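Have a look at the structure below before the remarks.
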Amino acid sequence: MAPPGADNLKWHAFLQDGVMYCSPNCSRPVIMPHWNVSADPFTGPRLCREMFRQPIWWSDIWGWLGFIPLAPSYISVPFEPLCWEPVIEETWVITKDSPTATRHFQMREKDVMIWLQKETLLFEAATKIRLKYHIPGNPPPRPSCFGYNRPHKSRAIAIKMTVISRDWFTIWMGFLSYLIVQTTTYGDKASTPLPCWYQLLLSHGFTDIWLSGLLASTICLFGTHNPRVGVFIQWTKQQVALLAVEWFLSHEIPIWFIWSKKEEDTIAANSKLAYLHPPNEVLQNALQILFQSPSLPLATLVMKRFFNLELGNPINDITLNLLWLDDSSSFVLNHILSIFSKEDNSHLDEGTA
């Protein structure tokens, strides 16, 4: 049985480095992430929101990055102070390197206190939800790590760090979105119309106004009208990844996955997974690049990637016959062969040796 959200899928597929990737719910052009599901994405230099606008490989720890909104709104509680540009003021600072005060620049103290309050509430809300329901996932750095609350040597630097800090609240929107959705998996079934996370935070002193604003904000808004970053999932590797596919689809979070013989065979062996088989016309469109200017080397690379063959070994007539005998029902194989049916297949690896 297909999960919620799988009834009206809008498929898209593309080729990259000979590998075919499919998405059942997003046609946005994306950049393939590096395969490293355990690496901490926040250890690099000069972090900023723009570094997290492309999907990542899904994992329990960092999969929440797929929930980051691409077009966040700050017009409602608790984000409304982020709508306007803060005032940058001159200040005089004495440092250990200078015995006399030097001119610096920083956000007006009033604005700093407002931002710190918003940041603290988001951090505490996320922490209480994560610990209460034992939800996996490491939090991102706090916005203040980027220095909106510190003086800087020039006005330009102060403005830059303020903008980076403001944008970083979007990363926290994604993290809190993920945690709130996860409460439907790890939390108790709500006995009232209010979600369990809402009741939890209410019991810890969060106000109804703040919580109602959160409930109506970008954080709790799901669907195509609130696009999010999304994830790549290798769902044939483990059962938990397959469950993640269903979970992301049901919450309309964009997903992409590799389409190869392994996925084809897995679906053929389990009819319940038929909703994950991209329509043939979508695969055909992705392979259309081979029609535009028939390229034997490219066709060879696609076939090797699709069948997980050694890249250094040539594909000849014998290999093609064996593949066709074993996989004659494969649309990808038959379509590529139809493109080059008039070519000399004995030279299929020409230019790739």
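Each value in this text was obtained by applying a stated rule to the coordinates, not by laboratory testing. Remember, it's a predicted structure, so these values are computed and weren't measured experimentally. Heads up, the Cβs are rebuilt from the backbone with ideal geometry, glycines too, and the neighbour counts pull from every protein chain shown.
Structure summary
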{"item": "Radius of gyration and Dmax over the Cα atoms of segment 2-94, both given in Å", "result": "19.0, 64"}
{"item": "Restricting segment 97-186 to trypsin sites (Lys or Arg not before Pro) in coil, as DSSP defines it, with at most 12 other Cβ within 10 Å", "result": "Lys153"}
{"item": "Fully extended contour minus Cα-Cα distance, from Gln288 to Lys110, at 0.36 nm per residue", "result": "58.3 nm"}
{"item": "Estimated FRET transfer efficiency (Asn280, Thr184; beta-carbon r; R0 35 Å; 0.05)", "result": "0.50"}
{"item": "Gain in span if fully extended, Trp92 to Thr120, counting 0.36 nm per residue against the direct Cα distance", "result": "7.4 nm"}
{"item": "Approximate spin-label separation Lys153-Ala268, in nm, with each point projected 7 Å along Cα-to-Cβ", "result": "6.5"}
{"item": "Positive-pole candidate from Val77, Ile88, Asn36, dipole of segment 36-132, charges at beta carbon", "result": "Asn36"}
{"item": "Per DSSP, loop trypsin sites (Lys or Arg not before Pro) in segment 187-254 with at most 10 further Cβ within 10 Å", "result": "Lys189, Lys237"}
{"item": "Shape metrics for segment 195-271, restricted to C-alpha atoms - Rg then Dmax, Å", "result": "17.8, 53"}
{"item": "Two-site label geometry, Leu70 and Ser203: point separation in nm, points 7 Å out along Cα→Cβ", "result": "3.9"}
{"item": "Enclosed volume per residue, in Å³, of the convex hull spanned by Cα atoms of segment 1-159", "result": "197"}
{"item": "Calculated from backbone phi, Karplus (6.51, -1.76, 1.60) coupling profile of segment 216-221 in Hz, x at Gly/Pro", "result": "9, 8, 3, 4, 9, 9"}
{"item": "Per-selection metrics, segment 92-239 (Cα): Rg and Dmax in Å", "result": "19.3, 64"}
{"item": "FRET efficiency for Arg28 and Leu221, using Cβ-Cβ distance with R0 set to 30 Å, rounded to 0.05", "result": "0.95"}
{"item": "Lys10-Thr100 FRET efficiency (beta carbon distance; Förster radius 45 Å; 0.05 resolution)", "result": "0.10"}
{"item": "Cross-link table Lys110/Lys132; Lys237/Lys272; Lys10/Lys261, entries beyond 25 Å C-alpha to C-alpha", "result": "Lys110/Lys132"}
{"item": "Protection proxy ranking of 240-250, 25-35 - average other beta-carbon atoms within 10 Å, highest first", "result": "240-250, 25-35"}
